[in-house]
Amino acid sequence: MPPLNFSIIRQSTQLSSARRGTLAITHAVSETAVVANTQTKSGFESTVRESKKRVIETPGCLMYTAKGSVPHLTPDTMRLQSFGGASVSIEHVLQDYQPAGFEKFPFNLATYLNLQDFILLCDIRDTSKFVKVPFNSDRYVSMVTHQGVRQLTLEDYLKCVRTYEPDVLASFSDFVSDLEPGQKRVRKSVDRSLKWLDQLLMERQGLDGLAQDREADMKKKENQKKNSGEASSAKEPKETTPAPAAVTPKPWKDVGVFAHVLGSHIEDERIRSATETAKRDVEGFIIDATSLAGSKDDVQKLIKTSLDNLPSNKPKVVYGMQAPEDVLKSIALGVDLFDTSYPFVLTEDGKASLFSFGPEDSADAKDERIVEPRWINLWDEEHADKFVPLMTGCECYSCKGGKHTRAYINHLLKTHEMLATVLLMSHNMYQYSRFFENVRKSIEQDTFDQYSQDFMARWGTEPERTGEIHPVAAMVEASLHKRNRLDDDASSIASGQQAPKGKGEKKERVFVNKKEKRLKKQQEKLEKQPSQ
Amino acid sequence: MKSALKWDIVAKCSTTKARAAVLTLPHGPVNAPVFMPVGTQGTLKGITPDQLESTGCQIMLNNTYHLGLRPGQELLDACGGAHKFQSWNRNLLTDSGGFQMVSLLKLAEITEEGVQFESPHDGSLMLLTPEHSMSLQNSIGADIMMQLDDVVSSLTSGPRVEEAMWRSIRWLDRCIKAHKKPDTQNLFAIIQGGLDPELRKQCIEEMVKRDTPGIAIGGLSGGEEKDKFWRVVTLCTDLLPPGKPIYCMGVGYAEDLVVCVALGVDMFDCVFPTRTARFGNALTANGTLSLRQHKFKDDYRPIEEGCDCVTCKTYTRAYLYTVVTRETIGCHLISLHNTAYQLRLMRQVRDSVIEDRFPEFVRKFFKDLFVEKSAYPEWAVNALRSVNIDLMEDSP
């Protein structure tokens, strides 16, 4: 029995190739995850969510995680969302002392990250954005961990699989980390990835997939010895030693494999990668569009080339098509799964999404063709006195019952308080899941094509992210820097007294990141300008 | 003066001055002794109001000075106060902003009229007078509001301490006069007088006459010697009327809390648990775990066995090691735990007082935290001896 079951409930009968399906785990699991602790009259009670059947409705989303957690959301708040799956990047979670330290790792990745009730996909690189890394070789791929660039071999990857036991594993592939790679490089990446895929699939069956590598290494060593001259290498009689006998590897047949299809911007290679990969025994496919240069239309064309050469009955994941209109175009091509990096990016910018798919729930919104923005930026001063939820009628944690207002979130941003991103993330994730829910409904009701057109007409396209920081945000950061020391005392001492300082606490702020560096540059630029 | 609270003592320790009580405020009951987490800017470090409620928190702090700057009085009035603004339906206490004159001394000038602050945000001037502080606190709408006091660092000595003490009394009178909502908000006086017993006595004598619903001990926890600190606390609790809650400001280390409860204090606040969480420090009965340390990389235990917080139920120390100071949730998770730890400690203290086994609790608490008797802080041993608990004698 295959580890995953993908069934297409409905194929769009209209022009598009959109389809509505489910991706489910076939082996019976009954795992529990603690969701929240609530105080009751009799004390504290843990709410536990059981997951007898884990399913992702498609088209749908895997939750994007950073270091194994959905950014800003603690497990209890995260579970107010309704996504069925999550994706974890090895480069986020693998520590520098691992996989050696895996012997002490007492459980699988889902338990470690408290994600037992989700379908867990494991890939190597961050799925949200393009980050250039040094080259890959025949034996390893490069990835960016928080400890720096690190090389990951297939052997190490297999150790990860056996320890982590994800539900779905992305194939070990030679992703080209170059926006304009040459034909030779692309061909090589397709070849390598196919070879690695075959090795990976052998290992899944419990066969020694790495035997040929070891033999090749032995030969190379011998050659080196010969070349370096017989004089130095004392005549060793052990020359005939065969490659070390491999311990029969443990199969991991419960893990589904989603294979990366590659080819960069070269059409022939895309076709070759897709057709060859399709011949292998895999459960699904991944198209990583984060490293594809060119206009959105060009990228969609490249995605289409891959999809046209893949079997329609298996699920397809796309990375890098995150804005809603890109999602819709990809769904129309037959893509099934995305990730939630879009709501995350909105949140980082201080934005709350307002778009929705399909007819409005409320009648009054339909009246006028008011051109609403697809999102609002809560840094904007106009929200400072708006005691209304982010979005009327929204049922997310932040908006429900008018709990938290635009004014409050504006205040939290300006005071550099972390609850701002918690509330924005809750809202943006919720609205993103609503968007997919409505897309699924429209495919079932054969209205997808029509609603997609309406969506594009009404909400336009995502403006290019400039990387500029909101002027208010820049001002807040600037004043924060200026009075860094004072502020630390002041805000930490809300009561009338001096706060005792913990041992080993540093004065500097903890979350110093790239954004701040960028800010500094921007401020320097501002300071150079004559004041008005 | 008028009071909008009820103070019912449930139990008294038969050995020490500790007491357990229920403080009923406009937004519900508060079980005392109580630790109040500090949400300076109208939020507790990334914790949602629902999460805070689930830790059993019944009262939290906001700061008048900070809320007065942002969002400002106009917006607070427009939305109907700080409870609504931050969606917190339980009790709030606001500090007057008095302490900021110490912490922001470079930006503040103190006169009889009030304190002039330079806004750190835009450099504009803000004059905080007792009347303005009351007006702001009435707009915020906290269940307990603090008088504006003239705070001097506890390391200061000489005539400035006495001046500040008398001025605090005069400012209390102005606060009482300016307080517009005594039916729904409780004004607490703050005892000043530095480390000088005579000044403290005079201050208490004068302030008790004003008959505020509750009284705070101020001007401490500023880096003074701990042996002087506890002597001032116990002097105050001896002289203050027994029928009112006593609040010791700025106290938050676990051992300080336990000792001060023994000395008769009912309420505490401190930014320490959430502040230290940002640096990856988790509080436990056996001391602080600095989760940034490499030794936790393979530690697959929760922060604290038996802890009922979300963090301990879901994540291991090994995982926290990988996210603290790197991801915001590392901070949220440890803040949640530390808040839960602090509130649980106070519940345990309270239960032990009610069951009249507080001295045993104190002994076990110090043993768990410091292990060896030689490691017990001397001031704590002295303080507890003054209320008939001898930590050094072998436990019965």
>> I'm told B:Lys106 meets every condition in (1) surrounded by fewer than 24 Cβ atoms within 10 Å (Cβ to Cβ); (2) outside any helix (DSSP H, G or I); (3) modelled with pLDDT under 95 except one. Can you identify the failing condition by its number?
In response: (2)
> Do we have any residue at all in segment B:213-233 that's free of Cβ contacts under 8 Å to residues at least 24 places away in the same chain, part of a loop (DSSP other than H, G, I, E, B) and touching a Pro at 6+ places or on another chain (Cβ under 9 Å)?
Replying inline: no
> Counting just the residues of segment B:132-164 that are within 14 Å of chain A (Cβ to nearest Cβ) and acidic (Asp, Glu), which one comes out surrounded by the most Cβ atoms within 10 Å (Cβ to Cβ)?
Replying inline: B:Asp149
> Somewhere in segment B:335-346, is a residue touching a residue at least 12 places away in the same chain (Cβ under 8 Å), under 24 Å from B:Thr43 (Cβ atoms) and touching a Lys or Arg at 6+ places or on another chain (Cβ under 8 Å)?
Replying inline: yes
>> Exactly one condition in (1) under 25 Å from A:His72 (Cα atoms); (2) assigned to a helix (DSSP H, G or I); (3) under 29 Å from the mean Cα position of the chain (by Cα) is false for A:His411; which is it?
In response: (3)
> Which residues, counting only those in segment B:289-309, are more than 7 Å from every other protein chain (Cβ to nearest Cβ) and either on the phi > 0 side of the Ramachandran plot or not in a loop (DSSP other than H, G, I, E, B) (or both)?
Replying inline: B:Leu289, B:His294, B:Lys295, B:Phe296, B:Gly306
>> Can you tell me which residue is nearest to the chain's Cα centre (by Cα) among those in segment A:107-136 that are among the charged types (D, E, K, R) and closer than 29 Å to A:Lys53 by Cβ?
In response: A:Asp123
> Can you pull out the helices (runs of 4 or more DSSP H) entirely within segment A:415-491 that have at least 3 residues that are modelled with pLDDT under 90 and within 9 Å of another protein chain (Cβ to nearest Cβ)?
Replying inline: A:471-482
> Is it the case that some residue within segment B:45-53 is within 8 Å of chain A (Cβ to nearest Cβ), part of a loop (DSSP other than H, G, I, E, B), buried (at least 24 other Cβ atoms within 10 Å of the Cβ) and touching a residue at least 12 places away in the same chain (Cβ under 8 Å)?
Replying inline: yes
>> Kindly evaluate B:Asp183 against the criterion of being buried (at least 19 other Cβ atoms within 10 Å of the Cβ) and among the charged types (D, E, K, R).
In response: no
> Within the group A:Thr145, A:Thr153, which residue is at pLDDT 95 or above, surrounded by fewer than 17 Cβ atoms within 10 Å (Cβ to Cβ), among the β-branched types (Val, Ile, Thr) and assigned by TED's automatic domain parsing to the domain that holds A:Glu276?
Replying inline: A:Thr153
>> Looking for something assigned to a strand (DSSP E or B), within 21 Å of B:Pro213 (Cα to Cα) and either out of contact with any strand residue (DSSP E or B) (no Cβ under 8 Å at 6 or more places or on another chain) or of a type in the set (Ser, Thr, Tyr) (or both) - is there at least one such residue anywhere in segment B:124-135?
In response: no
> Across segment B:326-371, which residue is farthest from B:Asp394 (Cα to Cα) among those that are acidic (Asp, Glu) and modelled with pLDDT of 95 or more?
Replying inline: B:Asp351
>> For the list (1) crowded, with 24+ Cβ neighbours inside 10 Å; (2) away from every other protein chain (no Cβ under 11 Å), I need the number of the one condition that B:Thr284 fails.
In response: (1)
> Taking the condition touching a residue at least 12 places away in the same chain (Cβ under 8 Å), more than 7 Å from every other protein chain (Cβ to nearest Cβ), among the polar types (S, T, N, Q) and more than 17 Å from B:Asn138 (Cα to Cα), does B:Gln100 pass?
Replying inline: no
> So which residues in segment B:2-18 are crowded, with 24+ Cβ neighbours inside 10 Å and in contact with an Asp or Glu (Cβ under 9 Å, 6 or more places away or on another chain), if there are any at all?
Replying inline: B:Cys13
> In segment A:91-106, is there at least one residue being farther than 22 Å from B:Lys313 by Cα and either at pLDDT 95 or above or under 13 Å from the mean Cα position of the chain (by Cα) (or both)?
Replying inline: yes
> How about segment A:280-368: which helices (runs of 4 or more DSSP H) wholly inside it have at least 3 residues that are modelled with pLDDT of 95 or more?
Replying inline: A:296-308, A:324-333, A:341-348
> Filtering segment B:212-227 down to residues that are of a type in the set (D, E, K, R) and surrounded by 14 or more Cβ atoms within 10 Å (Cβ to Cβ), which residue is farthest from B:Ile169 (Cα to Cα)?
Replying inline: B:Lys226
>> Let me confirm something: among A:Pro75, A:Pro134, A:Pro59, which residue is away from every other protein chain (no Cβ under 13 Å) and more than 22 Å from A:Val318 (Cα to Cα)?
In response: A:Pro134
>> For the structure I just gave you, tell me whether A:Leu152 is hydrophobic (A, V, I, L, M, F, W, C) and under 27 Å from A:Leu292 (Cα atoms).
In response: yes
>> It is to be established whether one or more residues within segment B:69-89 are surrounded by fewer than 21 Cβ atoms within 10 Å (Cβ to Cβ), in contact with a strand residue (DSSP E or B) (Cβ under 6 Å, 6 or more places away or on another chain) and not in a helix (DSSP H, G or I).
In response: no
> Looking at A:Ser82, is it among the small types (Gly, Ala, Ser), assigned by TED's automatic domain parsing to the domain that holds A:Ala259, over 27 Å from A:Val261 (Cβ atoms) and in contact (Cβ under 8 Å) with a residue 24 or more places away in the chain?
Replying inline: yes
> If you go through segment B:11-40, how many residues are touching a Lys or Arg at 6+ places or on another chain (Cβ under 8 Å) and in contact (Cβ under 8 Å) with a residue 40 or more places away in the chain?
Replying inline: 13
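The values are calculated or read from the model by the stated rules, or taken from the named source; none is laboratory data. Here the structure is a predicted model, which is why all the values come from computation and not from measurement. Glycine also receives a Cβ, built like all others from the backbone with ideal geometry; neighbour counts cover every protein chain displayed.
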